[in-house]
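Student: After the C-alpha cells below, expect a handful of questions from me.
The values are calculated or read from the model by the stated rules, or taken from the named source; none is laboratory data. No experiment lies behind these values; they were computed from the predicted model shown. Counting neighbours? That spans all protein chains shown, and the Cβs are built from the backbone with ideal geometry, glycine included.
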C-alpha cells in the first residue's frame, strides 16, 4: 500500500511564519497547525492533523538521535536554520501518546536597541562596564534572547579586544566573528551542562560570557564568581521585576549562604532589565521594561535584605535610566500603544494602577468640560508623567 501523501509540509509552514512575521508554530494531533501572529493563535486552513501527519513533520526537522530522545525521554529541544530566512528553536515532545511540536522563530536580522525600546545611552554605558553582571529577565517568550543578542552584537561590532563566549540550550542567534572573537557552545551538544561550560569558560580567556539560563544553584554560583573575577556576565531568569529577580537568586541558596550572596550581588550586579510583551495597537507587539541600575542606594537595599524598597528607588532614579514596569505600561497606554486591559492586567501594583487610571480619567473629563465651555473641540491628552 502506498504511503499517505502528507497534508502539511514543513517548508510551507515555515514560509508562512516568516512571511507573516509570526513568532510561534504549534503542531498537535486533532487540530490544524496553529501560528501565533501578534500574540493571537490562528489556525492554518486545512484538515486536522492525524498522528502520522505530526510524526512526518517532526521527522522532517529532527535527527534520528532526537527522535529517539523524544520516544525514550518524552521530549527534545534543538535549533535549526530554515535556509537563510530564519532560525527556529524547537521543542518536540509527546502528549497523550502522540508527537507534538512548538517552534519559535528567531529572526536573522537583529533588532536595534531603539527598536527594542531601550535607551541607547544606558545600554552603551552598561556594555562599557569591564566587569559585573547584567540580567535580562521575564516570562517565556518575552524577548529576552532578542534583547541579549542585540547587546552582544554591539560588543561584537565595536570591541576588537573582546572574546565572547555564549552558553545556550539550544543556540538561538548566531554571532559571526566581527571585531570580537566569538565562541558559541550548545549544552548537550558541545558540553554536558551550563555549569561545566562556565567552569571551562574561565580558562578560555573571555571578556564577556553569556549564560543562556541561570537554571540551578551551581550555575548561579559560577556566574556570580565569574562576574567577581573580572568578566562581564550576561544571564537570564524567568522572573518579572527587578526586585523579584534579586529575591529569586537569593532564595536559590541555602539559608546559611543567603547573606553572603546578597553581599556578592550588591557588588557585582550592574543592571536588571525585566521585560514583558504586550499587544501593540492596532497590530504587533511591544516590549515593556522594568529597569534597575545599580546605585549605592540599591546596593545597600540588596545587602540589607530590603528589596521591597527597590521599586521606590526605581521611580526616583529616572536620571540613571531606571523605570518601573507600571510606569512603562501607563506611559504606553497614554500614547495609545497598549490597551487599557493590558495596562491593568499586567500591572505589578493592580491597586496603584487603577488609582492612576481613575485620576487620569478625572483629569480628562475636566479638561474636556473646559474645552466645551470655551467652545473648543474636546481631545484626549497624554497621562501625567511618572
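Student: Got a sec? Which of 172, 157 is over 30 Å from residue 74 (Cβ atoms), in contact (Cβ under 8 Å) with a residue 12 or more places away in the chain and assigned by TED's automatic domain parsing to the domain that holds residue 249?
Tutor: Within the list 172, 157, the selection yields 157.
Student: Just for helices (runs of 4 or more DSSP H) wholly inside region 80-195: which have at least 3 residues that are surrounded by 15 or more Cβ atoms within 10 Å (Cβ to Cβ) and at pLDDT 95 or above? Steps first, please.
Tutor: On the way: elements: 113-116, 120-127, 144-158.
Ranges flagged: 120-127, 144-158.
Student: Does residue 220 satisfy the condition of being part of a loop (DSSP other than H, G, I, E, B) and crowded, with 18+ Cβ neighbours inside 10 Å?
Tutor: Here the answer is no, as residue 220 does not meet what is asked.
Student: Limited to region 232-278, what total is found for residues that are part of a loop (DSSP other than H, G, I, E, B), farther than 22 Å from residue 291 by Cβ and touching a residue at least 12 places away in the same chain (Cβ under 8 Å)? Please lay out each step first, then the result.
Tutor: Kept after step one, since they are part of a loop (DSSP other than H, G, I, E, B), are these residues of region 232-278: 238-241, 252-254.
Right, trim to farther than 22 Å from residue 291 by Cβ and you get 252-254.
Within this subset, residues satisfying the condition of being touching a residue at least 12 places away in the same chain (Cβ under 8 Å) are 252-253.
Residues that pass the stated criteria total 2.
Student: So, one more: Within region 329-338, is there a residue that is at pLDDT 90 or above, surrounded by fewer than 19 Cβ atoms within 10 Å (Cβ to Cβ), over 20 Å from residue 119 (Cα atoms) and in contact with a helix residue (DSSP H, G or I) (Cβ under 7 Å, 6 or more places away or on another chain)?
Tutor: No, that holds for no residue.
Student: Next question. Take the residues of region 227-243 that are crowded, with 24+ Cβ neighbours inside 10 Å and either at pLDDT below 95 or not assigned by TED's automatic domain parsing to the domain that holds residue 312 (or both): which is nearest to residue 123 (Cα to Cα)?
Tutor: Among residues in region 227-243 that are crowded, with 24+ Cβ neighbours inside 10 Å and either at pLDDT below 95 or not assigned by TED's automatic domain parsing to the domain that holds residue 312 (or both), the one nearest to residue 123 (Cα to Cα) is 242.
Student: I'm told residue 283 meets every condition in (1) touching a residue at least 24 places away in the same chain (Cβ under 8 Å); (2) touching a helix residue (DSSP H, G or I) at 6+ places or on another chain (Cβ under 8 Å); (3) not in a helix (DSSP H, G or I) except one. Can you identify the failing condition by its number?
Tutor: (2)
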